[in-house]
1. So what's the back-of-envelope 222 nm ellipticity for the chain, counting only DSSP H runs of four-plus at -39500 (n - 2.57) apiece and dividing by all residues, rounded to 500?
2. Provide the percentage of antiparallel DSSP beta bridges, counting only those with both residues in the chain; round to the nearest 5.
3. So for the stretch 370-499: antiparallel DSSP bridges make up what percent, rounded to the nearest 5?
4. Could you please state, rounded to a whole Å, how far the C-alpha centre of the stretch 440-494 is from the C-alpha centre of the stretch 176-205?
5. Looking at this model, which pairs from Lys295/Lys451; Lys449/Lys477; Lys294/Lys326; Lys133/Lys295 are more than 23 angstrom apart at the alpha-carbon?
6. In debye, nearest 20, what is the charge dipole magnitude of the chain about its Cα centre with +1 on Lys and Arg Cβ and -1 on Asp and Glu Cβ, if you could check?
7. Measuring from centroid to centroid over Cα atoms, what is the spacing of the stretch 410-436 and the stretch 140-168 in Å?
8. Among Gln267, Gln400, His284, which residue has its Cα furthest toward the positive end of the charge dipole of the chain, with +1 on Lys/Arg Cβ and -1 on Asp/Glu Cβ?
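The values are calculated or read from the model by the stated rules, or taken from the named source; none is laboratory data. What you see is a predicted model, and the numbers here were worked out from it, not measured in a lab. When we count neighbours, we look across all protein chains shown, and the Cβ atoms used for this are built from the backbone with ideal geometry, even at glycine. Just so you know, the surface numbers come from the protein's heavy atoms only, side chains and all, with ligands and any DNA or RNA stripped out. Shrake-Rupley method; radii C 1.70, N 1.55, O 1.52, S 1.80 Å.
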Amino acid sequence: MKINRRQFIKRGAGAAAFGAGAAFIQGCPKNNFIRKIETRSSVNGLLDTDLTVRLAQNRIGTDTLFSRTYEGSIPGPTLEVQPGDTLRLRITNELPDDHGKSAMSLLESGKGMDHGGFNTTNFHTHGLHVSPKGIADNPYRMFAPGTTHDVEIDIPADHPAGTFWYHPHHHGTVAVQVMGGMAGALIVRGDIDEVPEIADATEHILILQELRIDTNDETPLLDEHAFHEGQTHAMFPGSVLHRTVNGQVNPTISMRPGEVQRWRFIQAGVDQITPLALDDHNFHHIAMDGITFKKPDEVDSIIIAPGNRADVLVKAGAAGTYYLRKLAYDQGFGEIEEEIIATVEVSGSALNMPLPNNLPAPSSLVFIEDDEVETVRQVTFSVDSPGPGEMIPVFAINGQIFDPDRIDEEIPLGAVEEWIITSATSDEHPFHIHVNPFQVTEINGNPVKPKRWQDTVIVPGFGIVRVRMRFLDFVGKSLFHCHILTHEDLGMMANFRVVNAP
Ligand SMILES: [Cu+2]
């Protein structure tokens, strides 16, 4: 079945609403300096704000994209809180009602699916250690077109300060909504921001997105025929991929020689493992997935999967032009070419700003020793041939595609566990779990040093990753999944439930 892509997005909105043309095009600055994203900060322990999900037209490089957005902008506004705060949102879904008719046929055939079409959404705070229940960080909620929903999330007083992000998580619609730009930064301010060398540094939140635009200037739908032709990596034939930073193609970051800046990378893309390097400069890596290290780690490149964040300090060298590059990389289906994603212009009078020696690693996260592990679980990502008469391969965890009603893993509150995560395919699959971060201990049999906490980790093709985690503070049901969003939407996701210990 060929899907009519104009149907789902244009119904109820379309050309009439945007007939005024250029006047409605947003994000078209005269220069291309890196954009400061609108920031909404908590006041007296509360961030209380409205978020509207709506169709909007944005300028992406020299192209135009008509897509689902938060507040009309790509990315959405930055939400800024502190440990102990409450995040209270009213989310109104102003997308047109698509009556569920344009659902992907491959998902309609999925067991237990009731996803209500591509314009149903919800809200997930990626990486936050908060409750998954009720109206908190609950990825099972459904926000249908034309409805308004409250979200209220209490952030623990000992929550790590760092870089997190938000995006929709309604099963079956995640890839298409995030691919159109629905993502935003969620910053927890705290101890790391008070380190003098960091407090003095200019900060840039750099939200990396993979915006695809089809020949109608819209977000493409997955084309199941691509699978039939054996091109599992070319799921969106005919569309153009724009790698953007804060919604801009190759923006410019200005620095002075010797200046130190703090960059918060957020990989808010869809499916690309992203190695980053800056010409003639090292990164001083200070945090991964919002969790600060004990000391900076100087490296010539960092690699982030969709879902990952990396905070780095950059100390500018001599005056000149340098490029921030996504390096060439093969994540299992052939090399993707190197690409420039931003330009750094170093000019002006020199500074000599210092770098910090020590950092405030969160005291609430203590590494898990061998003798503490109580339970070992296995998680296997697999992609199997389609069934008779089907075109789409079976994207599964432990042999099963996602069923929201099935509990795949039941875990007592307070448990300390080791999970052995395997990719049974030549592709890399980034493993992500909600609510609790994990310590990565081993990749393909090699111990990971220095030890780190993350919430998303790349599992190499035909590889094995071991992680350890404590299921602390929150009972309830939530998700673990591959963070390649197309894989996730096709069923590479499972449920865990944390229960009060007997
Ligand atoms: Cu995957």
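1. One gets -1500 deg cm²/dmol as the mean residue ellipticity at 222 nm.
2. Antiparallel: roughly 70 percent of the beta bridges in the chain.
3. Taking every DSSP beta bridge with both residues in the stretch 370-499, the antiparallel ones total about 75 percent.
4. The distance from the Cα centre of the stretch 440-494 to that of the stretch 176-205 comes to 23 Å.
5. In this structure, Lys449/Lys477; Lys294/Lys326; Lys133/Lys295 lie more than 23 Å apart at Cα.
6. Roughly 1100 debye, rounded to the nearest 20.
7. Comparing the Cα centres of the stretch 410-436 and the stretch 140-168, I get a distance of 22 Å.
8. The one lying farthest along the dipole's positive direction is Gln267.
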